[in-house]
Amino acid sequence: MALTPEDRTILIRALKRRYRSRDDLDRFLQEGLEQLDLSLAEISSEENDLEEARRELIDEAESEGWTPQLVAALRADSGPDVRNLLDRMQSPSVTEPENDDFWYVDGAPFVNRTDLRKGLTALLTDPGKRILIVNSGRRHCGHSHAREHVHQHAQRNDFGYVDIQLSEYASPDLPLRPYDLGLAICHRMGLDLPKKLIEPEAQRWSVNFLHWLPSALNPKRRWWIVIDDFGHEEVDVPDHVYDFVEQLCKKMATTLHGLRLVLISYAKELPPPLKYMVENDHVPAISDSDLLDYFLSVYREHRPPPASEQEEREVEQQVRKHAQAVRARMRGPAKEELQQMRDAVIDECELLRKGRK
């Protein structure tokens, strides 16, 4: 987002209110924007007066792409004009999810993800919402299908996508570590860990990694990070991994504005100061009513509308039979029921589209 003359005036006014000497402005750079590792002398000659130094600071931020970090650092003690500017900078131009996106996943129909759709819409359009927690307290009820939905919307909006399944890192010999999550994030983002972070057991590894990450990312690039399998029976998640997730969420509130985080089967409570960023999807069980509504939608999309009330009643009876056929095929362990439902829905949709009862 390019700064308008009005935006520049807002930033100059905020800098003028808070930093009344070059030394003050230099301390702001080194403490408030320490992740950039800059000093005022690198941006503005000492011969320049304070007013010129402020303008050069804003010019540097805009040309190097760290204006959002500058505005975020100024936001805490500034007026609503700075906060409104940051909100505008964080509001992406997005393609919002449509119903059809949630009826078909990789070509296979699925149903009853209304809460997920609302949560993803909030993360796409509301600058304050940055975390989606998918958790129902039940296993094998569709949590992990959220990954497919998120991936779809990342592609549609040209966002980067990081998919981490904790079960891939589960090992009886080596406990799960923050290093594993950090390394996975780097690999999928195309980043190389600096030498100071290559030792996974180093003290304060999580703090140092999250201190480094904002400076390594392109501030104009947006990313979705999905972490799955918190509730997996073969995955033991240590407390320091949960601590890493909490620290990541805190960074998203301050410097990692381009990230959105989806936590699947995550049963821990995030700290109260982070709750304002959270949307929840409780993955409601798919009911007979959901199936009936779904098949009615498929009928209306692919078949001519009923010509009379009698035909409308016949259509409802027909789609009810398709919904009942799906439920009848769901047998066996809960772990298999979801796939059975998906297969049955595909078959019944095909019959319905062809007009067969």
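The values are calculated or read from the model by the stated rules, or taken from the named source; none is laboratory data. Just so we're clear, the structure is a prediction, and the values are computed from it rather than from any experiment. Neighbour counts run over all protein chains shown; Cβ positions are idealised from the backbone, glycine included.
Assorted remarks:
- One residue alone among ILE58, ILE12 is surrounded by 14 or more Cβ atoms within 10 Å (Cβ to Cβ), modelled with pLDDT of 85 or more and either in contact with a Leu (Cβ under 9 Å, 6 or more places away or on another chain) or of a type outside the set (Val, Ile, Thr) (or both), and that residue is ILE58.
- Scanning region 264-302 for residues that are part of a helix (DSSP H, G or I) and of a type in the set (Gly, Ala, Ser) returns SER289, SER297.
- Answer from SER39, SER45 - the residue that is farther than 17 Å from ARG8 by Cα, surrounded by fewer than 15 Cβ atoms within 10 Å (Cβ to Cβ) and in contact with a helix residue (DSSP H, G or I) (Cβ under 7 Å, 6 or more places away or on another chain): SER39
Residues are listed down the side, and each one gets a yes or a no for (1) surrounded by fewer than 16 Cβ atoms within 10 Å (Cβ to Cβ); (2) in contact (Cβ under 8 Å) with a residue 40 or more places away in the chain; (3) within 19 Å of ARG147 (Cβ to Cβ):
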{"residue": "ILE185", "(1), (2), (3)": "no, yes, yes"}
{"residue": "ARG222", "(1), (2), (3)": "no, yes, yes"}
{"residue": "VAL235", "(1), (2), (3)": "no, yes, yes"}
{"residue": "HIS257", "(1), (2), (3)": "no, yes, no"}
{"residue": "ALA267", "(1), (2), (3)": "yes, yes, yes"}
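- The residue that is nearest to SER171 (Cα to Cα), counting only those in region 240-263 that are assigned to a helix (DSSP H, G or I) and of a type in the set (Ser, Thr, Tyr), is TYR242.
- Some residue of region 303-318 being surrounded by 14 or more Cβ atoms within 10 Å (Cβ to Cβ), in contact (Cβ under 8 Å) with a residue 40 or more places away in the chain and part of a helix (DSSP H, G or I): no
- Residue within region 223-239 that is outside any strand (DSSP E or B) and of a type in the set (A, V, I, L, M) present: yes
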